[in-house]
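Structure first, then comments.
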Amino acid sequence: MAESSISVDLFNSGQVFACLGFLEAADVLCGDAEGGFDWGDEVEVRFCLRAGGEQNPFEAVMEFLARAEVKAVVPQGWRPKKEPTKAKDKEKLEQELCQQEQSEVFPAASPETNSAMPIQLTDGKKRIVLGHWADGSSRNEFKLYAGNRSALGIATAMQEGIARIWKKQQNNLIERPFGITTPMAGSFNFDPRGAWTPIDAGYSPNEQKHRVAASPFVEILAAWGLENARPDEFETRKVRYAAWGVTLPPVLARVALIGRVSTVPMKQFRFELDMSGKNKVTTFAEQETIHD
């Protein structure tokens with residue numbers, strides 16, 4: 001077994017979701033993973049993770065993401081119901097179709113466009129499918145991005161950013177994977193450090209083609225963490241989540257994320273989703289209660 005810990009901001013919901021993502025990823029890639037939060041030092045809360053093998057589990061997960069190939073997962077024989085008419089858009093569609101992995105099973109009804117398709121991450125050995133935003137069950141999909149953006153485009157930009165900073169700052173990332181931000185063309189909107197509204201920014205970064213800095217590791221790992229869990233949404237765009245104070249396996253950590261494991265120390269937080277055009281964006285949270 002290998003064990004390590006990283007610094008985490010509990011008031012950043014994306015980082016907490018991403019910690020669950022690290023746990024889920026380490027369980028798949030290394031086996032026998034357990035993780036939990038240590039707030040003994042309130043100045044620097046840590047997320048502790050242990051998993052099978054001798055490699056640092058955080059390093060193993062980030063190494064996988066840095067070399068992973070991203071593809072969209074689509075129903076067998078899928079094409080959009082409304083084909084583009086402009087040559088530029090046709091070319092873009094054909095490029096995206098080449099990046100798709102066809103599947104006989106799909107989590108929801110066949111979509112009209114490719115914006116909400118699940119994605120596949122693979123390094124040639126492991127194959128991971130993520131797609132909570134395409135969940136056709138009764139669970140809330142917690143899809144924050146909107147418009148004509150696709151999960152494939154967002155995840156591809158995330159992976160490129162991950163590969164770039166992993167190559168240049170590997171040692172720093174192993175110590176503080178959430179601490180390094182980079183300008184990104186798009187995101188799943190999980191990291192509030194990269195969130196903006198036109199009112200707050202004073203203009204629209206999208207219209208000016210300006211990139212906003214955030215953590216690609218927070219973004220992609222939060223998506224991984226929410227594959228089998230969802231935060232508690234209540235009232236109008238209000239969200240509640242929790243951090244657990246002991247190490248738990250993924251199956252229990254998923255329940256702990258919404259504060260439903262009453263037998264362990266727990267810190268509970270809430271935040272409001274803001275709106276940036278049609279997109280929902282996370283904001284920094286405030287603490288609600290502590291269960292010791």
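The values are calculated or read from the model by the stated rules, or taken from the named source; none is laboratory data. Predicted, not measured: the structure shown is a model, and the values here were computed from it. Side chains are part of the model used for accessible areas, which takes the heavy atoms of the whole protein and leaves out ligands, DNA and RNA. Shrake-Rupley method; radii C 1.70, N 1.55, O 1.52, S 1.80 Å.
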For the chain, the percent of accessible surface on carbon and sulfur atoms (probe 1.4 angstrom, ligands and nucleic acids excluded) is 45 percent
One computes Rg over Rh for the chain from alpha-carbon atoms, with the Kirkwood Rh, and obtains 0.96
With only helices counted (DSSP H, runs n ≥ 4, each -39500 (n - 2.57)), the per-residue ellipticity at 222 nm for the chain, to the nearest 500, works out to -9000 deg cm²/dmol
Expressed in angstrom and rounded, the centroid-to-centroid distance over alpha carbons for segment 29-45 and segment 121-167 is 24 Å
Which of Gly186, Gly35, Gly124 fluctuates most in a GNM of the chain (C-alpha springs under 10 Å)? That residue is Gly124
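How high is the relative contact order of the chain? Use alpha-carbon pairs under 8 Å, at least six apart in sequence, and give a whole percent.
Across the chain, relative contact order equals 23 percent.
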TM-like helix rule applied to the chain (DSSP H, alpha carbon span at least 18 Å on the long axis, mean Kyte-Doolittle at least -1.0) gives 13-29, 151-175
Spelling it out for Val74: with amide H atoms placed in the peptide plane at 1.01 Å from N, the residues 5 or more places away or on another chain with amide H under 5 Å from its amide H are Glu101, Gln102, Ser103
Flagged as over-length at 26 Å C-alpha distance, from Lys82/Lys278; Lys71/Lys280; Lys167/Lys280; Lys88/Lys168, the pairs are Lys167/Lys280; Lys88/Lys168
